[in-house]
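Read the figures in this text as sums done on the coordinates, not as results from a lab. In this text the structure is predicted, and so the values were computed from the model without any measurement. Because the Cβ atoms are built from the backbone with ideal geometry, glycine has one as well, and the counts that use them run over all protein chains shown.
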Amino acid sequence: MRTSNSFMIHVINRLIVFFVMLGLLNACRQPLKKVSFQGEAQGTYYAVTYYDTEGRNLSHQIDSLLKAFDMSMSLWVPESVISRINRGDSTVIADSMFQRVFMKSQEISRLTGGVFDVTIGPLVKAWGFSFKGKIVLDSLKVDSLRQFIGYKGVRMENGKVSFADSRMQIDFNAIAQGYSVDVIGEFLRAQGINNFLIDVGGEVLAKGSKPEKQPWVVGIERPSDSANAEERKIETTLAVTDMAIATSGSYRKFYIRDGIKYSHAIDPSSGFPVRHNTLSVTVIAPDAMTADGMATAFLVMGSEKGLEFIEEHPGCEAWFIDAAPDGSYIDHWSKGMEKYFRSDQSGSL
């Protein structure tokens, strides 16, 4: 009898496992529903597309996430964490989002030898690319500002930020937008959504794929002085899966004074806008925060130094667009970039 009971228990257990597996298989076979929406955040747009078995619209939750993000790192919000820290409020304890961006910023600064530096904000403002009006800077003024520029002069301990000089400030604009993309991606994955494309102001994160295992296709804009959408054209398209893309360019953020074109990309080592001929840098990296920060660093370096850096520090790929003397464009890219070019276009580059 004991043998018979053991046999029946064994059969029942096998049947339970079978039906559980069958239920999981049927769940996996549920058709994925495409969901797309867009909105405004951080002074720009955001667009989200994903495939979900339930077809849920999570736009309200994502709006709330982005508002919380602004309360952490937006310089345009007077009561944000970063604004209060920059005003010298010693009571501020940085939230987890701020801390992650701070640590990644310091990491990229060390990796690039200070080419990327979040304390460069006062110079950016002085050159006229932030809140204040454009002013003329000479070497003496630049040197006076450089006294309190330098990523090594800021530290964080137990969530509290301290500066070596009270006049120092932090500006996350060159990396925070990329991280906001990662924040949305983490939220979607927590909801069980693994196939999505997120775009916040041109910083993109692609995870999973479209139906039938098709990669996500992202267009990269041709350098143009115009911000008019009708005049902006796609230079090429990239096919990506489980990667992030960020583009930084000096072709639109600049001003001209006395016949000299001043780029918004400031070289921390000199305190002056870069003068090389690199107009645009597109970076592919595992996460959008890294892609965003490295795109800024490569724009300061220029194509020649940027490509040398990638050869010595694997981990991301980049495509540079330089201006030729005759007004045409010259493309340069790292070796690993080629696998992302769409096969029907890569030969024309």
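Worth a mention:
- Annotation: amide H-H contacts under 5 Å for ALA41 (H modelled 1.01 Å from N, sequence separation of 5 or more, or interchain): TYR46.
- Isotropic mean projected area of the C-alpha convex hull, region 37-139 (nm²): 9.7
- A protection proxy built from the mean count of other Cβ atoms within 10 Å ranks the segments 106-112, 332-338, most packed first, as 106-112, 332-338.
- Within the shell defined by Cβ-Cβ distances under 12 Å, the residues around ALA176 carry a net charge of -3, with Lys and Arg each +1 and Asp and Glu each -1.
- Residues whose placed amide H lies under 5 Å from that of TRP333, excluding near-sequence neighbours: PHE320
- Charge tally for GLY39 (other residues, Cβ to Cβ under 14 Å; Lys, Arg +1; Asp, Glu -1): -3.
- Under-5 Å amide H pairs with ASP267, H placed in peptide plane, nonlocal only: PHE272, VAL274
- Sorted by Cβ density within 10 Å, fewest first, the residues PHE341, PHE196: PHE341, PHE196
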